[in-house]
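Participant: Sending over a structure as structure tokens; questions will come in a sec.
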Amino acid sequence: MAALTSIPEDKPLLQKPLHVQHQPITLHNWYKKINWLNTTLVVLVPCFGLYLTRSTPLTRPTLIWSILYYFSTAFGITGGYHRLWSHRCYSARLPFRLFLAFTGAGAIQGSIRWWSANHRAHHRWTDTMKDPYSVMRGLLFSHIGWMVLNSDPKVKGRTDVSDLDSDPVVVWQHKNYGKCLLFAAWIFPALVAWLGWGDFWGGLVYAGIIRACFVQQATFCVNSLAHWIGEQPFDDRRTPRDHVLTALVTMGEGYHNFHHEFPSDYRNAIIWYQYDPTKWLIYLFSLPPFFQTHSLKTFRSNEIEKGRLQQQQKALDAKRVRLDWGLPLSQLPVISWDDFQARCKDNGEMLVTIAGVIHDVSLFVEEHPGGRSLIKSAIGKDATGIFNGGVYEHSNAAHNLLSTMRVGVLRGGQEVEVWKRQRADVVKSHWLQQVTRVEKLVEGAVAA
């Protein structure tokens, strides 16, 4: 008899270890949760720079150069990394792209390609866990935590940056970013100060290290504060907000609610008095004698105003529902004329009918500005003519107050027909709504 072949036991499937982001922090793994390269560039080097300020005097020429280079490198981020390459809000000629690539590298915030990929993911997946610097994970995380902590790359949402691979400036800077950072962030500002007025160490400390720290923290405010403080004049379904304080520290990037609604617009501020130097510079370099920028994109003003109007209407509707407008006519009982008079004569109720609606004025008789006798004379009667100019043309406030006293609709009364017409008008007023918007998607229909 053939020997029975033994059936091998099922081997347990090998599970991949969790990424350190998803592991609880312990004494044995805390250092693994830190992105040491970014932490060095964003935290440790600035701290070292602050320490060096104790022994490095700040001269006036170095201060002026530090401020000038601050705005140059900040513009490299706001006008270059952000509005040119991330959103393609305008086009720029080669000399201008080289300038933006150089100054952007001096801000120490990654290469153009890396920065743009993260920013496009931020717009695509705003307020979700796929957002690289989602404010839903806390203000501190959205500001700096996403930079200094190791994040699971599989969590970040995917985006398309293939268009950037056709730009030789972007490709070259990405491949040589380490060298670009070293020279643009620290060596170049130190050399300018050294060759200009003999202050190498001042240029390195103040125009290099301290200046880069200020640019970094200002830019990070767009990811954090711009999602926490301010108004939402164009859309309130997500966290981006507009605030002048954020705009002041971010070269005009603080009008973030507008930007998230209209990301292809080269402007962040659309009102003349709003602070947006990035917009001003982009426009300035499109004029003679520069001609360095062109094809500046602006969103249709009609759609911008529609968005603003819809938000204003939403705010009015939210305020309206908190007020007492009386029971809607559709919820009131229909009462015949005989029943109406019987309730007044037999039950002593103080009811009047105005425009086909029956109102209970018992609590208002003593407060009536025209006296008790006049209002009592209308009890059990149709007071439409009296109320609407026969005796006195009542104010809008009086009409509003009267609406809170509704108790019924007179069968066949005038207001019944008025209400029918109003219902027809409501159907026609749906022009304020977006017929293409689906309020709640089926889970399986959401794109990956």
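Participant: Residue check: is Asn257 in contact (Cβ under 8 Å) with a residue 12 or more places away in the chain, polar (S, T, N, Q), assigned to a helix (DSSP H, G or I) and crowded, with 22+ Cβ neighbours inside 10 Å?
Facilitator: Spelling it out, Asn257 is indeed in contact (Cβ under 8 Å) with a residue 12 or more places away in the chain, polar (S, T, N, Q), assigned to a helix (DSSP H, G or I) and crowded, with 22+ Cβ neighbours inside 10 Å.
Participant: May I ask you to verify whether Leu363 is within 18 Å of His399 (Cα to Cα), part of a loop (DSSP other than H, G, I, E, B) and aliphatic (A, V, I, L, M)?
Facilitator: yes
Participant: A follow-up question, please. For the stretch 364-399, which residues satisfy the criterion of being closer than 22 Å to Leu323 by Cβ and touching a residue at least 12 places away in the same chain (Cβ under 8 Å)?
Facilitator: Phe364, Phe387
Participant: Consider Thr219 carefully, then state whether it is in contact (Cβ under 8 Å) with a residue 12 or more places away in the chain, in a helix (DSSP H, G or I) and hydroxyl-bearing (Ser, Thr, Tyr).
Facilitator: yes
Participant: How about the stretch 73-111: which of its residues are of a type in the set (A, V, I, L, M, F, W, C) and in contact with an Asp or Glu (Cβ under 8 Å, 6 or more places away or on another chain)?
Facilitator: Trp85, Cys89 - these are the residues of the stretch 73-111 that are of a type in the set (A, V, I, L, M, F, W, C) and in contact with an Asp or Glu (Cβ under 8 Å, 6 or more places away or on another chain).
Participant: To continue, here is another question. Looking at (1) touching a helix residue (DSSP H, G or I) at 6+ places or on another chain (Cβ under 9 Å); (2) loosely packed, with under 11 Cβ neighbours inside 10 Å; (3) part of a helix (DSSP H, G or I), which one does Leu316 not meet, given that it meets all the others?
Facilitator: For Leu316, the failing item is (1).
Participant: So which of Ala121, Ala107, Ala92, Ala74 is under 25 Å from the mean Cα position of the chain (by Cα), modelled with pLDDT of 95 or more and surrounded by fewer than 24 Cβ atoms within 10 Å (Cβ to Cβ)?
Facilitator: Of the residues listed, the single one that is under 25 Å from the mean Cα position of the chain (by Cα), modelled with pLDDT of 95 or more and surrounded by fewer than 24 Cβ atoms within 10 Å (Cβ to Cβ) is Ala121.
Participant: Of Gly252, Gly208, which residue is assigned to a loop (DSSP other than H, G, I, E, B), surrounded by 18 or more Cβ atoms within 10 Å (Cβ to Cβ) and of a type in the set (Gly, Ala, Ser)?
Facilitator: Residue meeting the stated conditions: Gly252.
So that you can scan it fast, the table gives a plain yes or no per residue for (1) assigned to a loop (DSSP other than H, G, I, E, B); (2) closer than 30 Å to Ile229 by Cβ; (3) among the aliphatic types (A, V, I, L, M):
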{"residue": "Gln109", "(1), (2), (3)": "yes, yes, no"}
{"residue": "Trp114", "(1), (2), (3)": "no, yes, no"}
{"residue": "His119", "(1), (2), (3)": "no, yes, no"}
{"residue": "Lys154", "(1), (2), (3)": "yes, no, no"}
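Participant: Return yes or no: is Asp160 surrounded by fewer than 21 Cβ atoms within 10 Å (Cβ to Cβ) and either of a type in the set (A, V, I, L, M) or touching a helix residue (DSSP H, G or I) at 6+ places or on another chain (Cβ under 7 Å) (or both)?
Facilitator: Working: surrounded by fewer than 21 Cβ atoms within 10 Å (Cβ to Cβ): yes; either of a type in the set (A, V, I, L, M) or touching a helix residue (DSSP H, G or I) at 6+ places or on another chain (Cβ under 7 Å) (or both): no.
Judged against the criteria, Asp160 is not a match.
Participant: I'd like to check something: does the stretch 371-378 contain any residue that is among the charged types (D, E, K, R) and assigned to a loop (DSSP other than H, G, I, E, B)?
Facilitator: no
Participant: A further question follows. With respect to Gly178, is the statement that it is in the same structural domain as Gln217 (by TED's automatic domain parsing), under 30 Å from Trp201 (Cβ atoms) and surrounded by fewer than 18 Cβ atoms within 10 Å (Cβ to Cβ) true?
Facilitator: yes
Participant: In the stretch 199-224, which residues are of a type in the set (A, V, I, L, M) and in contact with a helix residue (DSSP H, G or I) (Cβ under 6 Å, 6 or more places away or on another chain)?
Facilitator: Answer for the stretch 199-224, where residues must be of a type in the set (A, V, I, L, M) and in contact with a helix residue (DSSP H, G or I) (Cβ under 6 Å, 6 or more places away or on another chain): Leu204, Val205, Ala207, Ile209, Ile210, Ala212, Val215, Ala218.
Participant: Right, another one. So is Lys297 in a helix (DSSP H, G or I), touching a residue at least 24 places away in the same chain (Cβ under 8 Å) and more than 23 Å from Tyr133 (Cα to Cα) or not?
Facilitator: Spelling it out, it is not the case that Lys297 is in a helix (DSSP H, G or I), touching a residue at least 24 places away in the same chain (Cβ under 8 Å) and more than 23 Å from Tyr133 (Cα to Cα).
Participant: On to the next question. Look through Ile270, Ile282 and report the one residue that is in contact with a Leu (Cβ under 7 Å, 6 or more places away or on another chain), surrounded by 12 or more Cβ atoms within 10 Å (Cβ to Cβ) and not aromatic (Phe, Trp, Tyr).
Facilitator: The unique qualifying residue is Ile282.
The values are calculated or read from the model by the stated rules, or taken from the named source; none is laboratory data. All figures in this text were calculated on a predicted structure; none of them were measured in a lab. Here the Cβ is made from the backbone with ideal geometry for all residues, glycine too, and neighbour counts use every protein chain on show.
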